[in-house]
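Data first, discussion second: the structure below is written as structure tokens.
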Amino acid sequence: MEAVRFVRSEELERGQKGGFFGLQATSEQQHKAPGRRLAKIVHLSDIQLADVKSPARYEWANAFSGVEGFGELIPSYRAQEFMVAHALVAMIRHLNDLVAGEERVCAVVTGDSIDNSQRNELDNFVAAIAGGIVNLQSGDSSMALVSAHGFGDVSFWHPDPGDDDYKRCWGCPTVEGMLEAAFGPIVSPGLACDWFVTNGNHELLIQGIGITDEETASIAVGGEKQVGPPTVLPTDPERSGVEMPVVLLTGGPSQSVAPDLGRQFVNRRVLARAIRQANGTPQGHGLNDDDLLYYASELSDEMVLVGLDTAYRWGGAQGAIDVAQARWLVEVLRRYSTQYWGDDGSVVTCDGDDRLIVVAAHHPLATMTNSRAGVQPGFLLGDWLCTTLLQFPNVVLFLNGHTHENRVQVHRDGTRQLLEVTTSALMDWPCEARSLEITVDEDDLWITSVMLNFDGAGTPGPEQLDTVGLASWHRLLAANTPGLGRAPEGNATDRNFSWRQRRPRWLRA
């Protein structure tokens, strides 16, 4: 069987610093899942559905990419970001076609579903995933965003006719009418299967790193948007972005925008309530408490999904887990196990009910290193979580995002092993999702992965400005991000693979 993959094709335009390249669809090997299906999990991550008109964004910082002290602030702008909602709806349509008529299927979105902790972003995400109308207008219908001529300066890409650095330096195209088309209402069918989400740093923090407070909240809903750097740059911009982001949102050139109370910042309670009350199945989407964003949901009498909340409220992009949640996690793992390895390596028996356990979170283990949390009592980091998951043989998969790359790792401790699967961002190249099918045969348990791409042309034409066309433009712009040096799409074993381990004795073939 073959899967679709988009790769760079011919150069379409040459700029002073590099070229703008098209994309073409190619095929890559897809493994067939053997045996009896236990579950198919469709995995999405890092959508970062953004209010690109928000005064609580500091896009100007992107011009300081590579400058010391700006690392965690970058990227603060993407040429394709105003089209990500179209990419999300195009992916939802593709996933619905994929799972139509299938059983034991669910979707898991592992955090950073929104970009800037705003209520209007959250409402649009829920409308997309649960079904409804996505309305990207913020404030009013004017094009008050840096991608529009007359508002943003030439350092940003302007799809309408006119000069800018992206066109001059990188050969980015002119697509007249794109902004108007992108900001029209988008009708989403919603996911046609059970769906679950986990919390990410962008859900709680300004640009995914900064602490919200009354001053920044007033800026977010207000009528003035900063479009250039402060007259006096802070001595440590990265630290300011985490601890005092108001410094980055004031003190420089600005433009008037329409105020909008819909840009209010959200907290864990608002997030949990919005997900619990959303349409679709299962009811509550795993959550059963307005104050908690972690849960255990039984997918069947053989499998349970555990969703963790690894976002650290007090700043910084990296993750941590609070002690109360850690205690809860250990209780859940014991509940669905009849034996596990104790801290001293001995086998411990308990009166749990054996189920296969899939754990989902926003942060990979290697990024649960939030230094602010690590020095405070009450928080644990990735080393603790890795050690804990390895103690429970029924944990067969740890699913996450955050790094915007496809990556597969196997953690081992003696004969114990844990499969960790990270899926790339929908916001950034390669703009993919992933399907993971868990099956069992007489001898083995199998996890089979295949990467998923939404429909649409690799290189769309300027007239293709419906949702699928704009989604295709989103993907093409993401593939042509200036300075995209690494390969977030991953190698062959990070993408389509088949993982095998011995079938647990309690699990029937």
Task: Pairs, first more than 22 Å from residue 5 (Cα to Cα) in segment 480-507, second hydrophobic (A, V, I, L, M, F, W, C) and assigned to a loop (DSSP other than H, G, I, E, B), C-beta under 7 Å, six or more apart - done: 503/509
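Kindly indicate whether residue 435 is among the polar types (S, T, N, Q), in a loop (DSSP other than H, G, I, E, B), crowded, with 21+ Cβ neighbours inside 10 Å and modelled with pLDDT of 95 or more.
no
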- [ ] Hey, can you tell me all the residues within segment 237-251 that are closer than 25 Å to residue 111 by Cβ and either among the aromatic types (Phe, Trp, Tyr) or part of a loop (DSSP other than H, G, I, E, B) (or both)?
- [x] 244, 245
Task: Failed criterion for residue 61 (all others in (1) surrounded by fewer than 24 Cβ atoms within 10 Å (Cβ to Cβ); (2) in contact with a Lys or Arg (Cβ under 7 Å, 6 or more places away or on another chain) hold) - done: (2)
TODO: Would you point out which residue out of 289, 301, 309 is touching a residue at least 24 places away in the same chain (Cβ under 8 Å), out of contact with any Phe, Trp or Tyr (no Cβ under 6 Å at 6 or more places or on another chain) and of a type in the set (Asp, Glu)?
DONE: 301
- [ ] Kindly indicate the residue of segment 207-236 that is among the hydroxyl-bearing types (Ser, Thr, Tyr) and either on the phi > 0 side of the Ramachandran plot or not in a loop (DSSP other than H, G, I, E, B) (or both) and also nearest to the chain's Cα centre (by Cα) among those meeting that condition.
- [x] 216
- [ ] Could you tell me which residue of segment 35-68 is farthest from residue 302 (Cα to Cα), considering only residues that are assigned to a loop (DSSP other than H, G, I, E, B) and among the charged types (D, E, K, R)?
- [x] 68
Open item on the list: Can you list residue pairs whose Cβ atoms sit under 6 Å apart, with the first residue in segment 415-438 being more than 20 Å from residue 6 (Cβ to Cβ) and in contact (Cβ under 8 Å) with a residue 40 or more places away in the chain and the second being aromatic (Phe, Trp, Tyr) and part of a strand (DSSP E or B)? Count only pairs 6 or more apart in sequence or on different chains.
Closed with: 419/499; 420/398
Task: Those residues of segment 438-463 which are charged (D, E, K, R) and not in a loop (DSSP other than H, G, I, E, B), in sequence order - done: 444
Open item on the list: Yes or no: segment 343-352 includes at least one residue that is surrounded by 16 or more Cβ atoms within 10 Å (Cβ to Cβ) and more than 24 Å from residue 114 (Cβ to Cβ).
Closed with: yes
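Across segment 99-152, which residue is surrounded by the fewest Cβ atoms within 10 Å (Cβ to Cβ) among those that are within 23 Å of residue 303 (Cβ to Cβ) and among the β-branched types (Val, Ile, Thr)? I'd like the intermediate steps shown before the answer.
Of segment 99-152, the ones within 23 Å of residue 303 (Cβ to Cβ) are 99-111, 129.
Next, only the ones that are among the β-branched types (Val, Ile, Thr) stay: 99, 105, 108-110, 129.
Working: 99: 19, 105: 22, 108: 25, 109: 29, 110: 28, 129: 27.
Result: 99.
The values are calculated or read from the model by the stated rules, or taken from the named source; none is laboratory data. These numbers come from a predicted model, not from an experiment. Glycine gets a Cβ as well: all are built from the backbone with ideal geometry, and neighbour counts include every protein chain shown.
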